[in-house]
Amino acid sequence: MTEASRRRPAAELSRARSRTLFFALLLLAAAALRAGPAAGIAAAGLVLGLWSVSVARSRGRSLSHTFVVCDWLFVGLTLALAGKPLGPLLLFVPLLVVVQLLPSDRAEWPYLVGPSLLVPIVLAIADPTLGGHRALVLSALAGLVLLGLAAAARLRRVPRRMRAAAAPAVDASTGFYSRARVKALLPAELTAAETAHEPLALVCVRLDHFRDLRDFRGQEGSEAVVRIVARRLKRTLGPDDLAFRLSPDLFAVTLRGHDARSARDWIDEAGHEVTGRLIDRHRQTLSFGCASYPPVHDPRELLDDAVAALAGPATAELVVAPAAPAELSLAAAR
């Protein structure tokens, strides 16, 4: 499990809410089939889901993998107590896969799907013959898990296409949003954080000594370095995090579920990812500046504070055009 996945609570909170809904639906289905013992296990899963929401809000990633293991254990028990390994409740297996994978990083998917092996184990303990259809039941379980994986992968691509269509202003070199998108997307991120009662960190990242780099390597050479830095930064970002290129040497990143303190973990990770390996026999260092909601509620102030917090040999400042006070723009002082 990556450090990025361990530290971000937003995915776990989404998974906890989906878990609660999943077990509520499973309870209704078991009750409709008049499978009393199976409904009892589903009800226990519903209680577990409600508890996991509370844990995700207060303790972030704590117990996250334990909850996933319990999900599969409860599903296995529900299927076993329903008495029909090939019954309609089996269709909840791919749904659970989607519920667990959709809000999570792809690097975390093996840890979420692996515990699904508990389902055939529990079923085999309850009935070693699996109703006389052992091979068929095992094949059906494997196929349904793969179906859930394919559905989750497909659904993950849809928001990205929608986001790309809604935001055509993307920097060609890095794939990050351009400065023009800050005005629309940063207020939206603050609104989403306020609605979800979650913190939001904005981190500005500047390439140190960029003018020297441009003088030494030229325009194409310096852009090649920027592309490599951006690619390494992307590896540390979660699916809900946004990245902007504000100027040739300045990026901004929003981190869902982070306050200023927890954003330091991402800064350490991003710094190590970029500076830990040479770029064409040279080491590119970075400067970081961070601001967060709360306490800052205004998007312009949030960006202003993050830029002001930048450390390093150069300086950058936020410029608000007098003729358009609501428009955000950045200029790097050279």
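The values are calculated or read from the model by the stated rules, or taken from the named source; none is laboratory data. Predicted model only: the values in this text are computed from it and were never measured. Counting neighbours? That spans all protein chains shown, and the Cβs are built from the backbone with ideal geometry, glycine included.
Within region 235-249, is even one residue part of a helix (DSSP H, G or I), over 20 Å from LEU302 (Cα atoms) and assigned by TED's automatic domain parsing to the domain that holds ALA309?
no
Quick check on THR66: is it at pLDDT below 90 and either in the same structural domain as GLU269 (by TED's automatic domain parsing) or farther than 23 Å from GLU194 by Cα (or both)?
no
I'd like to check something: does region 324-333 contain any residue that is within 25 Å of ALA193 (Cβ to Cβ), modelled with pLDDT of 90 or more and among the charged types (D, E, K, R)?
So far as region 324-333 goes, no, none of its residues is within 25 Å of ALA193 (Cβ to Cβ), modelled with pLDDT of 90 or more and among the charged types (D, E, K, R).
Kindly provide the set of residues from region 256-280 that are surrounded by fewer than 16 Cβ atoms within 10 Å (Cβ to Cβ) and more than 29 Å from GLU220 (Cβ to Cβ), ordered by number.
ARG261, ARG264, ASP268
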